[in-house]
Structure formats: C-alpha cells, structure tokens
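The structure appears below as structure tokens.
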Amino acid sequence: MKKILVIEDEVSISDIIKFNLKKEGYEVDTAYDGGAGLEKALAGDVDLILLDIMLPVMDGFEVCKKVREKSAVPILMLTAKEEEVDKVLGLELGADDYITKPFGMRELIARIRANIRRTEQMNPSDDIPADIKTFGLLQIDMNRYEVSKGEESLDLTLREFELLKYLAEREGKVFSREQLLEEVWGYEYYGDIRTVDVTVRRLREKLEDDPADPKYIMTKRGIGYYFQNN
Ligand code: CA
C-alpha cells in the first residue's frame, strides 16, 4: 500500500483529500503545519507528499527545500495563486509537480498516480537489463535510469532523466515545449510550459561543461529543444 503524506493546514481540505485517497486505496498520513510535516516527511516511509504552501510554523517552500536536501520522495505542491506557481518554478525547489487550487479530486489522483509511477520506473528491480547508449562522454542507461559523464555519475531527478531520455532517443529532432510537456510530463492542459524551461536549465547545469554554451541539450530559437550527439 502506498503512503501519502498530506501537509495542509485547512482541515476541511485535508479531510476531503484524505477521504478520497483512502477510497482509492492509499494509506494517508496528515500534518497541519510545516514543522510537523517536515518531521513526518523525513521519517522515511512516505511514497509521495502533497504539500500546501501557506502553512503555519514553516511554509511549503521551506519544507520542500528541506525535504529535498535529504530525500528524493515525489513532492506535489498545492498552489493557490499564480504568484505561487511562479515561485515554485522560479525557486527550483525540487518539487516534482504542482496543482493549482481549486482542483478536482480526479485530477489530483491522476497526478498522484503519475508521480508515483515515475518513481517506480526510476527504481527498477535488479532483473531489468541495462540498455546503455553512449553519446561522447555521456552514457545513458535507458532502462535503469542511470547517467554518467566520463567517470562521474550524474544525479538527475526523474523528470530530468525522462526529458534527457526522450530527447536523446530522438537525437537531432526538435520538439516544442508543448510537445515535451505532453510527451514527457504526460499532460496537455494543466501544465505550464515554463516547467520545461526550468527542467532544461537544471539538466544543463548537471550535464554541460558550460551550461551557458550547451553541447547536448540545444535550443532551437523560437521552436524548442533538441539533443545533439557529441
Ligand atoms: Ca494553507
């Protein structure tokens, strides 16, 4: 049974989320302020965190940052306003996804499922064979979600890996942000194309010798992004 931690101070919202997630077969734990939420998040037995932003004691931005220092658990931020979305994207807190209030329960559950599924893909069992593709110094194991550059193993988030994999498998082909959002993130309507830019920026910082002069993840001005083999 997958366990979801809901960190939300509005009891009525927390209760309705809890009710619906339990109906879907999830185990649910709740916290009503950021401090208690962080403590439960770091206890280590949580499969996904739903994290509100405006919270007593410690806000959701701070909780997200602190959890990320220690854990790769998927975090889905609950945002109330456009400014918060900007901040989630701009701060690069390491949140995996966000959903804007008010949201429908079906949408929320779909997003939770998608994010948990991705984590499972990222931690494949040992019997999955390696499928290593080499691009110059870069080695990408398409099956086992591992990337290295020369001797150095790169620590990518799931989204970063999936974006890299998608582009690298289609070397040289240019994709628009909207296409990437649909193909890599898997949704057409809810996402914000800035998510793609932020992920590309983070990926370049990890991948490129000089992120300002990329050699792998290339920008096609006015169109989108593509992968170049070196
Ligand atoms: Ca709140």
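The values are calculated or read from the model by the stated rules, or taken from the named source; none is laboratory data. These numbers were taken from a predicted model, which means no experiment stands behind them. Please note: Cβ atoms are built from the backbone with ideal geometry, for glycine as well, and neighbour counts cover all protein chains shown. For the accessible areas, the whole protein counts, side chains as well, though only heavy atoms, and no ligand, DNA or RNA atoms are used. Shrake-Rupley method; radii C 1.70, N 1.55, O 1.52, S 1.80 Å.
Spelling out what I want: for every residue of the stretch 25-31, take phi, set θ = phi - 60°, compute 6.51 cos²θ - 1.76 cosθ + 1.60 (Karplus), and round to whole Hz; glycine and proline get x.
These are the phi-based 3J(HN,Hα) values: x, 8, 8, 10, 10, 10, 9 Hz.
Rounded to the nearest percent, how much of the accessible area of the chain (1.4 Å probe, protein heavy atoms only) is carbon and sulfur? Working shown, then result.
On the way: 5600 of 11620 Å².
Of all accessible area on the chain, carbon and sulfur atoms account for 48 percent.
Please list log₁₀ I(q)/I(0) at q = 0.13 Å⁻¹ for the chain, using the Debye equation with identical point scatterers on the alpha-carbon positions.
-0.80
So, for the chain, what is the accessible surface per residue at a probe of 1.4 Å, expressed in square angstrom?
Roughly 51 Å² per residue, with all protein chains present.
With loop defined by DSSP as not H, G, I, E or B, and exposure as at most 16 other Cβ atoms within 10 Å, which is the longest segment of the chain clear of exposed GluC sites (Glu not before Pro)? Show your work: numbers first, answer last.
On the way: sites that count: 10, 24, 92, 151, 169, 171, 188, 208.
In the chain, the maximal stretch lacking such sites is 25-91.
Sequence neighbours fewer than 8 away in the same chain don't count; with that in mind, list the lysines whose C-alpha is under 22 Å from residue 22.
2, 3, 40, 101
Stretched out fully, how many nm does the piece from residue 22 to residue 220 gain, at 0.36 nm a residue minus the Cα gap? List each step's numbers first, then the result.
Values: separation 198, 0.36 × 198 = 71.28 nm, distance 4.53 nm.
Stretched fully, the residue 22-residue 220 segment lengthens by 66.8 nm.
For an R0 of 41 angstrom, estimate the FRET efficiency from the Cβ-Cβ distance between residue 197 and residue 10 and round to the nearest 0.05. Walk me through the numbers before you get to the answer.
Details: r = 31 Å, r/R0 = 0.77.
For residue 197 and residue 10, the calculated efficiency is 0.85.
Report the extension gain between residue 151 and residue 71 in nm, rounded to one decimal, defined as 0.36 nm multiplied by the number of residues separating them, less their alpha carbon distance. Display every interim value, and only then the final one.
Details: separation 80, 0.36 × 80 = 28.80 nm, distance 2.43 nm.
Extra length from residue 151 to residue 71 when fully extended: 26.4 nm.
Using modelled amide H (1.01 Å from N, peptide plane; none on Pro or chain starts), what sits under 5 Å from the amide H of residue 154, excluding residues fewer than 5 places away?
Correct list: 147, 148, 149.
With a/c under 1.5 counting as rounded, go ahead and sort the stretch 1-115 into rounded, prolate or oblate using the C-alpha gyration tensor (a ≥ b ≥ c being the square roots of the eigenvalues; past the cut-off, prolate if a/b is larger than b/c, else oblate).
Details: a/c = 1.36, a/b = 1.16, b/c = 1.18.
Judged from the Cα gyration tensor, the stretch 1-115 comes out rounded (a/c under 1.5).
If you add up the charges near residue 97, with Lys and Arg at +1 and Asp and Glu at -1, over every other residue whose beta carbon is less than 11 angstrom from its beta carbon, what do you get? Please list the in-between numbers first.
Values: positive: 111, 118, 159; negative: 96, 192.
Once all neighbours under 11 Å are counted, the net charge is +1.
If each DSSP helix of 4+ residues adds -39,500 (n - 2.57) and the sum is divided by the residues in the chain, what number results at 222 nm, nearest 500 deg cm²/dmol? Mind showing how you got there, number by number?
Numbers: 8 runs with 90 residues, N = 230.
Helix contribution divided over all residues of the chain: -12000 deg cm²/dmol.
Please give the Cα centre distance for the stretch 96-112 versus the stretch 127-163, rounded to the nearest Å.
When both Cα centres are located, 30 Å separates them.
Using amide H atoms built 1.01 Å from N in the peptide plane, name the residues 5+ places from residue 144, or on other chains, whose amide H lies under 5 Å from its own.
131
Please give, to one decimal in nm, the separation of the simple spin-label points placed at residue 213 and residue 59, each 7 Å out from Cα toward the Cβ.
Taking the two extended label points, one gets 3.9 nm.
Each residue of the stretch 164-180 in order: what ³J(HN,Hα) in whole Hz does its phi give by Karplus 6.51 cos²θ - 1.76 cosθ + 1.60, θ = phi - 60°, with x for Gly and Pro?
Along the stretch 164-180, the couplings run 4, 4, 4, 5, 5, 5, 10, 2, x, 8, 8, 10, 6, 4, 4, 5, 5 Hz.
Would you list, by chain and number, the lysines whose Cα falls below 27 Å from the Cα of residue 149, excluding same-chain residues fewer than 8 positions away?
Qualifying lysines at Cα under 27 Å: 65, 70, 133, 165, 173, 206, 215, 220.
Given points 7 Å out from each Cα along the Cα-Cβ axis, report the residue 101 to residue 139 separation in nanometres with one decimal.
4.8 nm
So what's the gap between the Cα centers of the stretch 197-213 and the stretch 1-63, to the nearest angstrom?
Value for the Cα centre distance between the two parts: 32 Å.
Mind checking the dipole of the chain: about its Cα centre, +1 per Lys or Arg Cβ, -1 per Asp or Glu Cβ, Debye to the nearest 20? Please report the intermediate quantities before stating the final value.
On the way: 34 positive and 47 negative charges, 98 e Å.
Once rounded to the nearest 20, the dipole reads 480 debye.
Given the stretch 18-58 reduced to its alpha-carbon atoms as identical point scatterers, what log10 I(q)/I(0) does the Debye formula return at q = 0.30, 0.33 Å⁻¹?
-1.10, -1.17
Which chymotrypsin sites (Phe, Trp or Tyr not before Pro) in the stretch 128-225 sit in a loop by DSSP (not H, G, I, E or B) and have at most 10 other Cβ atoms within 10 Å of their own Cβ? Walk me through the numbers before you get to the answer.
On the way: sites: 135, 145, 161, 166, 175, 185, 187, 189, 190, 216, 225; in loops: 145, 187, 189, 190, 216.
Listed in order of number, the matching sites are 189.
Mind listing the long-range amide H neighbours of residue 98? Cut-off is under 5 Å, sequence gap 5 or more, other chains count too, H placed in the peptide plane at 1.01 Å from N.
Here the answer is 77, since their amide H atoms fall under 5 Å of that of residue 98.
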